[in-house]
Amino acid sequence: MMLHDTIAAALDAPLFPEAAAAPPPALQPGAAAAERPGTPGAPSGGGGASIVLRDVSRVFPARGGDAPVAALDSISIAIPQGEIYGVIGRSGAGKSTLIRTINGLERPTGGDVVVDGVAINRLGDAALRDQRRRIGMIFQHFNLLSSRSAFDNVALPLELAGLSRKAIGEKVLGLLDLVGLADKKDRYPIELSGGQKQRVGIARALATDPRVLLSDEATSALDPETTRSILRLLAEVNARLGVTIVLITHEMTVIKEICHRVGVIEAGRIIEEGLVCEVFAHPRTTTARAFIGSLPGREVPPALAGRLRADPAGAAQTVLRLTLTGAAAGQPLVTRLARELGIDICLLGGQIDSIGALPFALLYVGVPAGAWAGGPLRARLEAAGATTEVIGHV
Amino acid sequence: MSDWISPAILNLIVGSTLETLYMVAVAALIGTLAGLPLGIFLATSGKGELFEAVAVNRVLGVVVNATRSTPFIILVVAIIPLTRLIAGTSIGTTAAIVPLALAATPFIARIVEAAIREVDQGLVEASLAMGATPLQIVRKVLIPEALPGLVLGVTLAIVSLLSNSAMVGAVGGGGLGDLGIRYGYQRFMPEVMLLVVVVLIILVQAVQSLGETLARRVNRRVRRL
Ligand SMILES: Nc1ncnc2c1ncn2[C@@H]1O[C@H](COP(=O)(O)OP(=O)(O)OP(=O)(O)O)[C@@H](O)[C@H]1O
Ligand SMILES: [Mg+2]
């Protein structure tokens, strides 16, 4: 892939010699990838957590007649270095407030935010500015300077850091190459598409070699196709540079596409958290279920929904929803059960997909009413690792 | 040139034009040098802003409004002591620069304030996230992003200075306006009045199109063909 090559080239010639001289362990290119060989679904768990939120609260004081708003309510999260952590929630749930506490744009009213061992919320102005250089951020509306070309936009954080013109030039060209925009370096934002603008935004966010990248709805203003390409770029950046990514979104497809772990936020609390594949397979809250249900292909097929009855009396078939992840999704489960139990299994709808790199299957099947009520079918499905729900009868 | 305009009158017109240009140019320069930082401060010192200083902001706002609501001709007379202090005299073209600059400063400050406030707050947020200091944000983000508006604002200020400069005849400031009043009105020479008006129109047109061209050139928010 071209992207691969350009990133590899950029890594071969380290643009920040000082970072290459004494790299923190996790900054070594490939370290994060080696830790997680091709399976983004299995983060390292413990280890040196790169971002830790401990009982973080943010209460906006009462204004006018309004009551005070607890935008964040005792949130605790630990994100290991190199992970892509997604936060999903509805509008007003506190997502932006949460991500802004990580680079100190928002000061928590309680708790601590620790990034790479530094309590961000306790820093003075100057120290906070230093830390912010190590935390990149990208935005829904890109926030590029319209008065600067793509090149000069990416150069901005380096100018702010006081680098020489020459050092800036080399670094910026490498970054534009990395995001696939080397040929657009002299273009102004007005002349770029949304996807290209976000690529410039990503290059700019990576300019100071941050160890953490924050993404506040970075794909929400983009069409699905462009969204996918931007997410792919973020995944590459994560795999190749070992950058920890925290991204917030209200779209489950984004989580599904690149996140390793996900937290569901509602009314300022993380109400559910886990590996993406686990949350997908076994959502515990109605909110999580609603988000997953919103994915295309997840609903009960309309033709089936029309015939579905709640009452089993007189029904020929019981309709099941089977959710299979990982190894379970790879087995020839349906045909094997049909053969071994001597029953007919009717495929009524569903979706085969992958989450991160793990296969994921969601199937609507009809089984003979008797086979479900009596028989070993239920036990066999569970033994095979399938999550089974009865959704009705036909 | 013609029989209705004597060379003497022509000389007067050229001299007055130069006086006007001198007064307006220096006053515009001073007004911009003072109005730019003042406007930037007004735009960034509100609650929760970069240089938060709510009380100072409010006081400056009142001062600016007071200066702006004083009719120029009254301002000219009212600040005669100040003019004498600064220019050494209260009479003449150089002395007239003091009230002109004083009136231009709050005018420019308000225009600068509006232009700076127009800059997308998201850019300030992005710069803060990059670790920019407030002064860096002003220099590298706010001013460049507001530049088209700033240029148009200064243009507007120069045009209004041209019109104000016609009034400084009251303190012996000279210039085109003064000439028009003294010859065109008091000595009843309508052709002089007409010429003065024509020159002023040309000056305003020139300033306006120059300003617009410049503003367009620094504006990167529109696509170039
Ligand atoms: N500066 C503020 N002052 C007062 N209340 C605020 C402020 N910022 C956010 N809030 C409140 O905090 C809550 C969470 O806001 P936040 O912007 O974090 O939501 P969000 O999840 O990012 O929503 P969206 O998806 O719409 O961006 C909301 O109720 C909002 O009204
Ligand atoms: Mg938000």
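Structure notes:
- Residue within segment A:79-92 that is under 23 Å from A:Ala235 (Cα atoms), within 15 Å of ligand 2 (Cβ to nearest atom) and not assigned by TED's automatic domain parsing to the domain that holds A:Val276 present: no
- Screening segment A:99-216 for strands (runs of 3 or more DSSP E) wholly inside it with 1 or more residues that are of a type in the set (Gly, Ala, Ser) and in contact with a Pro (Cβ under 6 Å, 6 or more places away or on another chain) returns the ranges A:135-139.
- Test: residue in segment B:169-177 that is part of a helix (DSSP H, G or I) and within 14 Å of another protein chain (Cβ to nearest Cβ): no
- Those residues of segment A:257-290 which are over 17 Å from A:Ala71 (Cα atoms) and among the hydrophobic types (A, V, I, L, M, F, W, C), in sequence order: A:Ile258, A:Cys259, A:Val262, A:Leu275, A:Val276, A:Cys277, A:Val279, A:Phe280, A:Ala281, A:Ala288, A:Ala290
- A:Gly104 vs. criteria buried (at least 23 other Cβ atoms within 10 Å of the Cβ), within 16 Å of ligand 1 (Cβ to nearest atom), within 15 Å of A:Arg54 (Cα to Cα) and modelled with pLDDT of 95 or more: yes
- Candidates A:Ser220, A:Ser229, filtered to the one that is within 16 Å of ligand 2 (Cβ to nearest atom), over 21 Å from A:Val113 (Cα atoms), polar (S, T, N, Q) and out of contact with any Cys (no Cβ under 6 Å at 6 or more places or on another chain): A:Ser220
- Check on A:Pro61, away from ligand 2 (no atom under 16 Å from the Cβ) and more than 22 Å from the chain's Cα centre (by Cα): yes
- Residue satisfying all of: in segment A:192-212; within 11 Å of chain B (Cβ to nearest Cβ) and more than 13 Å from A:Phe151 (Cβ to Cβ); farthest from ligand 1 (Cβ to nearest atom) among these: A:Thr208
- Residue that is among the β-branched types (Val, Ile, Thr), under 20 Å from A:Arg132 (Cβ atoms) and surrounded by 18 or more Cβ atoms within 10 Å (Cβ to Cβ), where the choices are B:Val98, B:Val141: B:Val141
- Test: B:Thr20 is crowded, with 18+ Cβ neighbours inside 10 Å, within 14 Å of the chain's Cα centre (by Cα) and not acidic (Asp, Glu): yes
- Of all residues in segment B:125-138 being part of a helix (DSSP H, G or I) and facing another protein chain (nearest Cβ under 7 Å), the one that is surrounded by the most Cβ atoms within 10 Å (Cβ to Cβ): B:Ala126
- Within segment A:362-387, being more than 17 Å from A:Pro332 (Cβ to Cβ) and touching a helix residue (DSSP H, G or I) at 6+ places or on another chain (Cβ under 8 Å) holds for A:Tyr364, A:Ala371, A:Trp372, A:Gly375, A:Pro376, A:Arg378, A:Thr387.
- Within segment A:307-356, the set of residues being outside any strand (DSSP E or B), among the hydrophobic types (A, V, I, L, M, F, W, C) and more than 16 Å from A:Ala384 (Cβ to Cβ) comprises A:Leu308, A:Ala310, A:Ala313, A:Ala315, A:Ala316.
- For segment A:127-151, a tally of residues being surrounded by fewer than 21 Cβ atoms within 10 Å (Cβ to Cβ), more than 8 Å from every other protein chain (Cβ to nearest Cβ) and within 16 Å of ligand 1 (Cβ to nearest atom) returns 1.
- Restricting segment A:95-117 to residues that are away from ligand 2 (no atom under 11 Å from the Cβ) and of a type in the set (Gly, Ala, Ser) leaves a set whose member that is nearest to A:Pro61 (Cα to Cα) is A:Gly110.
- Where a residue in segment A:83-104 is within 14 Å of another protein chain (Cβ to nearest Cβ) and hydroxyl-bearing (Ser, Thr, Tyr) and its partner, wherever it lies, is part of a loop (DSSP other than H, G, I, E, B) and within 8 Å of ligand 2 (Cβ to nearest atom), with Cβ under 6 Å and at least six apart: none
- Pairs with Cβ under 7 Å, 6+ apart, first in segment A:167-190 and at positive phi, second at pLDDT 95 or above and surrounded by 22 or more Cβ atoms within 10 Å (Cβ to Cβ): A:Gly180/A:Arg199
- Restricting B:Leu142, B:Leu150, B:Leu162 to residues that are assigned to a helix (DSSP H, G or I), under 30 Å from B:Gln205 (Cα atoms) and either among the hydroxyl-bearing types (Ser, Thr, Tyr) or at pLDDT below 95 (or both) narrows the list to B:Leu162.
- The set of residues in segment A:78-97 that are within 14 Å of the chain's Cα centre (by Cα) and near ligand 1 (Cβ under 7 Å from one of its atoms) comprises A:Gly89, A:Lys95.
- All positions within segment A:172-191 that are of a type outside the set (A, V, I, L, M) and within 14 Å of chain B (Cβ to nearest Cβ): A:Asp186, A:Arg187, A:Tyr188, A:Pro189, A:Glu191
The values are calculated or read from the model by the stated rules, or taken from the named source; none is laboratory data. What you see is a predicted model, and the numbers here were worked out from it, not measured in a lab. Cβ sites come from the backbone with ideal geometry, for glycine too, and all protein chains shown count toward neighbours.
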